[in-house]
Every structure is written in structure tokens, then in C-alpha cells.
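Chemist: Below you'll find the structure I mean.
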Amino acid sequence: MDIKKQIKPKYHITPKYGFLNDPNGLVQFKGVYHAFYQYLEKVTPQGKKSWAHYTSKDLVHWQDEGIALRPDRWFDKDGCYSGNAIVFNEKIYLFYTGNVRDEDGGRETYQCLATSEDGKTFVKHGPIVYLPEGYTSHFRDPKVWRDEEESLWYMIIGAQTSEKKGNVALFYSEDLLHWNYKGKLLPETMNWGYMCECPDIIHFDDNYILIVSKQEKIIENGIEKDSCNAVWMSGEFLKEDGKFIPNSDECKLDEGFDFYAPQSFIDEKNRTLYMAWMGGGEYDYQMSQPAVKDGWLHSFTYPREFVYKDNLLYQKPVKELETLRDTEINKNIEAEKIDFKLDNFCNEIKLTLQEQKDFRFIVLGSLELEYDSYEKILNIKRLNWLTNRFDEKNISIEEDLKTVNLFIDNSSVDLFLNEGKKVISIRSYFKEDNIQIDAKGKLQLSLYLYKGENSNE
Ligand code: FRU
């Protein structure tokens, strides 16, 4: 096996060629899952984005359906930016932001509609929401959902207020075509950075959860820099007032190295699922990835399910991934070191801790997990391809660490701790073909090699 070729994910949505960022328009229509992504033919982060289209019957195998929306009209000529999809009256409705640059380099923004009856061809209907007063033109990423109680459609839009503060604009509609502006959704007394991108609201009965991809300035080692994180908090959605009042602290939805712009949708089984962009970061970090040489960049995360239990938000890999399991290997490890060769970089590795004892787990030469059972901290090191040094995260588990579930799909890695209480997305270009575990106590290792050829070509 040539390790250098084990780069392109097989089961994560990844562009054949070109650049991928946010997930858009995630929806299930007549049984088929549709996913679109922000796409550029050229492998570079900025440009006139299109919506590339993939479909799947099982959330595991995805088929390329070409380009659904191109930036070719006056209202979206500089990019069909992010948005979502809903199904109504046997049609898919796509909501997206038309990005327009004027001659002086200024920005205009239009929230646009496109529909499809067959899930293959999309008809543009132009702008349906214009920029209200009180905001800059950093106003984008509509997310629409149905409120059955009120028989209304809601739309939230990521925004920057005229005071250059992040917020979310709320609209409502009875027919999906005519939209009324309600106001700023988020309390202005709180810190929402300088821009909230890709807002989302999910709910489990009366428990509402807001998700935003928040952009803010932070100071690190005395230097001011931009920080972009997808965060969530629970709260009350006061529909009459059009306000979301948080009642929990802000938490990162994913504590990994490569994660941004998550988008949720409800599927026909009534599950609240989401995918996110497994990517982002500064230009050099993105462009120095080995994938760029092969003509593509970035992937989504695996589809994940949100589960809300005992006031906690869990994220789980979708059940359908289990259908990929082929060979299964189980091993009991007790205060020993093991070294194991893997000839397949598409797999699942699960560690079940039977004792709260330290362990060190080296994955394919570029990723290391080290558990400090006294402090209950999992230290994660990932070899950075730009600096050739390890980036590090200390994940505070706050309780016993019971399970570590690693989903490796060539360079895309989704890591779930304690059955999805904490999630970590990692891009990792692996260097070795072995895993090593040095356990001080009792651990159970379960390894599932996935079906099919390893190579994605
Ligand atoms: C988030 C984002 C969105 C925008 C899109 C453009 O990554 O900046 O706000 O719609 O990407 O590609």
C-alpha cells in the first residue's frame, strides 16, 4: 500500500476536483438525500462560488450530480453563497445568498430562491428578501424552517449590524415567497463577535438550540487575530417578540482542528442530522495541504445525528455507516503496549476504557491521543503539514472517559468521545501504517475495517 495515495476520503463528501466549503441545501426529497456544497473549480478559498450537487440513497455512498446553481444572474453574479433547502408541495425550495460586487468593490446581498420538481434541474426565481436597515451588506446564509404550531415559515440570516456587531436577522412568511422582517434575533447586550455566519436553529420539543459560525477578534500571544468557530447554546425562542434568549453558556459544537459552517436538516425518519465543512483556517494552512497537488481540497464531516438527552446535546455518526463494516477485530489490552498494522485507512476504531488509567494511542504516525486519567483530560496532537510540528488540543472530559470512537476515512477523521458528548474533527495526512497503544490499565479495542478498495481513485 502506498501511504501517500491514502489521502482522498471515500465516504465523506469530497469534490472530485476543485474547492469545497460550506454544506448547503441538505434535504431528503422523495427518499433521496441531497447535499450541495460551496464549490470553486479552482483550488483556492475565495471566488465566485457555485452550488455543486451530490445525492445519496443511504448517506454513505454519494453520487456527483454536477452543478445546480452557477453565479450567472445579476443578483448572484459574484457567487451563489450558502443557504438551505426545504421540501414543500412536492418541490425542493433552495434559499441562498446572491453575492454581488459593485464597481467600487462594495458588496450587495440578495436572498434568493430556486426550486426543483425533479431534484435534478433548478429554476431560479431571483431575490425574495432584500437587505433591511440596520445591517451592513455582510448579510447572508438564509436558513428556513417550518413552524407547525404557528403554520408559518421562519427564515434566519447571518448578519453584521451597522455597529459592526454579529447578529441574526429573523423573517417570517406564510407562502415562502413573501417575507416579513421581524427584527434582530439575538440580544444585543451579548457578544456575538463581528459577524455571525450560517445561523441555524434546531429544537427538541420546547428546547431550542441556536448554532452560529461566529467570527470575532481575539488576542493570542499579544497579537490580535480572527477566530472563527461554530458554537451552540440552548435557549428560549420567543416567537411573539422574535427573540432567542440563551439560557446556557456558549459551547463549541466540535472541538477539533478543522470544522466550520455546520448545517442541520430533518430527514424522513424525523432525525435531526447535520454535516459541516471539515476545513477552514488561514490561507497558507489550507493551501499547503497535500490534497491541493491532487487538484482538490476539503471535505464535509460524516453525517451526524443530534440527540438531545437529559439537557445534553449528543452528536452521533449516522447509523448507516455501520453498513460499511467488514472485517471486525477485537482485542483486550491490559497494561501493555501493542503495535498493529493497518492495511486499510477506511475504518472505525473504538476504545472502551474498563479502568480509568492513562493511555497513549498513536494513530498512523500523525495523530496522537494521550489520556490523563487523573486530570480527565485528553490531549490530542495532530501533525500539521504546514509547520511540520504537532498542533495540540486539550479536551477536558469533565467525567470519566468511557469510549473513544475514531472514524478514519483516509485524511478525514471524525472522533467521538463518550458516545458523542464531545466531537473532534481532524484533517490528518497519515505517515505510517500502524497504530500503537500503550495502556496502563484495561482497554477493549474494536476495529472495523470498511469494505471496498482503499484507494479512492
Ligand atoms: C462561510 C461562508 C458563508 C458564505 C460562504 C461563501 O464559510 O463565508 O458565510 O455564504 O462561506 O462561500
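The values are calculated or read from the model by the stated rules, or taken from the named source; none is laboratory data. What you are looking at is a predicted structure, and each value in this text was computed from that prediction instead of being measured. When we count neighbours, we look across all protein chains shown, and the Cβ atoms used for this are built from the backbone with ideal geometry, even at glycine. Ligands, DNA and RNA are excluded from the accessible area calculation, which covers all protein heavy atoms including side chains. Shrake-Rupley method; radii C 1.70, N 1.55, O 1.52, S 1.80 Å.
Chemist: Give me the pairs: first residue in the range 263-277 and open to solvent by less than 20 Å² (accessible area, probe 1.4 Å), second residue within 16 Å of the ligand (Cβ to nearest atom) and acidic (Asp, Glu), beta-carbon distance under 6 Å, and six or more apart or on different chains, which are they?
Modeler: Ser264/Asp200
Chemist: Right, another one. Can you confirm whether Asp258 is open to solvent by less than 20 Å² (accessible area, probe 1.4 Å) and over 26 Å from Phe29 (Cβ atoms)?
Modeler: So Asp258 fits the description; yes.
Chemist: Do you know which residues across the range 278-308 are under 25 Å from Ile266 (Cα atoms) and within 16 Å of the ligand (Cβ to nearest atom)?
Modeler: Met278, Gly279, His298, Ser299, Phe300, Thr301 - these are the residues of the range 278-308 that are under 25 Å from Ile266 (Cα atoms) and within 16 Å of the ligand (Cβ to nearest atom).
Chemist: Inside the range 286-298, can you point out the residues that are in contact (Cβ under 8 Å) with a residue 12 or more places away in the chain and either open to solvent by 30 Å² or more (accessible area, probe 1.4 Å) or assigned to a loop (DSSP other than H, G, I, E, B) (or both)?
Modeler: Selection gives Met287, Ser288, Gln289, Pro290, Val292, Asp294, Gly295, His298.
Chemist: So Leu351 ticks every box in (1) crowded, with 19+ Cβ neighbours inside 10 Å; (2) closer than 24 Å to Tyr37 by Cβ but one. Which box is left unticked?
Modeler: (2)
Chemist: Just to be sure, is Lys4 within 18 Å of the chain's Cα centre (by Cα) and not assigned by TED's automatic domain parsing to the domain that holds Ser213?
Modeler: Taking the combined requirement at face value, the residue does not satisfy it.
Chemist: Quick check on Leu20: is it more than 16 Å from the ligand (Cβ to nearest atom) and closer than 27 Å to Val413 by Cβ?
Modeler: Against the criterion (more than 16 Å from the ligand (Cβ to nearest atom) and closer than 27 Å to Val413 by Cβ), Leu20 does not qualify.
Chemist: If you don't mind, another one. Go through the range 390-410 and give me each residue that's farther than 22 Å from Lys431 by Cβ and either open to solvent by less than 30 Å² (accessible area, probe 1.4 Å) or not polar (S, T, N, Q) (or both).
Modeler: Within the range 390-410, Ile395, Ile397, Glu398, Glu399, Asp400, Leu401, Lys402, Thr403, Asn405 meet the criteria.
Chemist: Moving on to the next point. Could you look through the range 28-46, keep only residues that are over 22 Å from Arg73 (Cα atoms) and crowded, with 23+ Cβ neighbours inside 10 Å, and pick out the one that is nearest to the ligand (Cβ to nearest atom)?
Modeler: The residue in question is Ala35.
Chemist: Which residue pairs have Cβ atoms closer than 6 Å, lie 6 or more positions apart in sequence or on different chains, and pair a first residue in the range 15-34 that is in contact (Cβ under 8 Å) with a residue 24 or more places away in the chain and in a loop (DSSP other than H, G, I, E, B) with a second residue that is open to solvent by less than 10 Å² (accessible area, probe 1.4 Å) and more than 13 Å from the ligand (Cβ to nearest atom)?
Modeler: Pairs found: Pro15/Trp296; Tyr17/Trp296.
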